[in-house]
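One structure is given here, and the rest of the page talks about it.
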Amino acid sequence: MERAPILSAHDLLHVHRSAAGLERLPDELSNLLVAQLSCNGAVAASSTEAEASASPFELLSSLCAHARTGRPRRCGYIFKAGDIAWHCRTCQADDTCVLCQQCFSRADHHGHDLHFYRSGGAGGCCDCGDAEAFKLEGHCPLHR
């Protein structure tokens with residue numbers, strides 16, 4: 001399974017520097033940034049009024065700050081058609097919480113109540129690292 005982020009840290013920093021002179025970011029880039037921020041934990045998926053009113057430049061700065069750390073709080077892998085999504089009923093908060101193959105294989109779910117399915121490609125992202133989605137022991141070491 002390919003693990004490349006939507007935008008690499010290098011790309012983010014380049015866009016951040018390039019955007020400094022712009023009055024606003026193109027809508028497509030703004031939407032991409034909001035989607036990635038939601039999946040990697042920088043912005044809650046159900047954004048508040050304050051987050052919704054944040055400028056794209058503020059969102060870009062926030063995403064760049066996460067990229068510099070080298071370790072996002074959440075995996076955020078966006079499922080493509082045919083990817084395996086894992087449910088661990090022992091660790092998950094509800095049936096919408098899933099792990100990607102890589103996070104699942106790095107975590108210890110031995111003896112847990114497990115289920116998997118192949119993604120239809122309708123979106124969704126790995127919840128590894130989201131404290132509201134899984135118990136701490138359900139996260140892989142990279143996203144704990």
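Against the criterion of solvent-accessible heavy-atom surface with a 1.4 angstrom probe, THR90, THR96 sort, most first, into THR96, THR90.
Net charge in the neighbourhood of THR96 (other residues with Cβ under 15 Å of its Cβ; Lys, Arg +1, Asp, Glu -1) is -3. Heavy-atom accessible area, probed at 1.4 angstrom with all protein chains present, ranks SER105, SER119 as SER105, SER119, highest first.
Applying 0.36 nm per residue to the separation of ARG144 and ASP95 and subtracting their alpha-carbon distance, the gain on full extension is 15.6 nm.
Heavy-atom accessible surface of segment 78-128, averaged per residue, reaches 53 Å², computed with a 1.4 Å probe.
The values are calculated or read from the model by the stated rules, or taken from the named source; none is laboratory data. For clarity, every value in this text was computed on a predicted model and none was experimentally measured. Neighbour counts are summed over all protein chains in view; Cβ atoms, including those assigned to glycine, are modelled from backbone coordinates with ideal geometry. We work out accessible area using only protein heavy atoms, side chains counted, and drop any ligands, DNA or RNA first. Shrake-Rupley method; radii C 1.70, N 1.55, O 1.52, S 1.80 Å.
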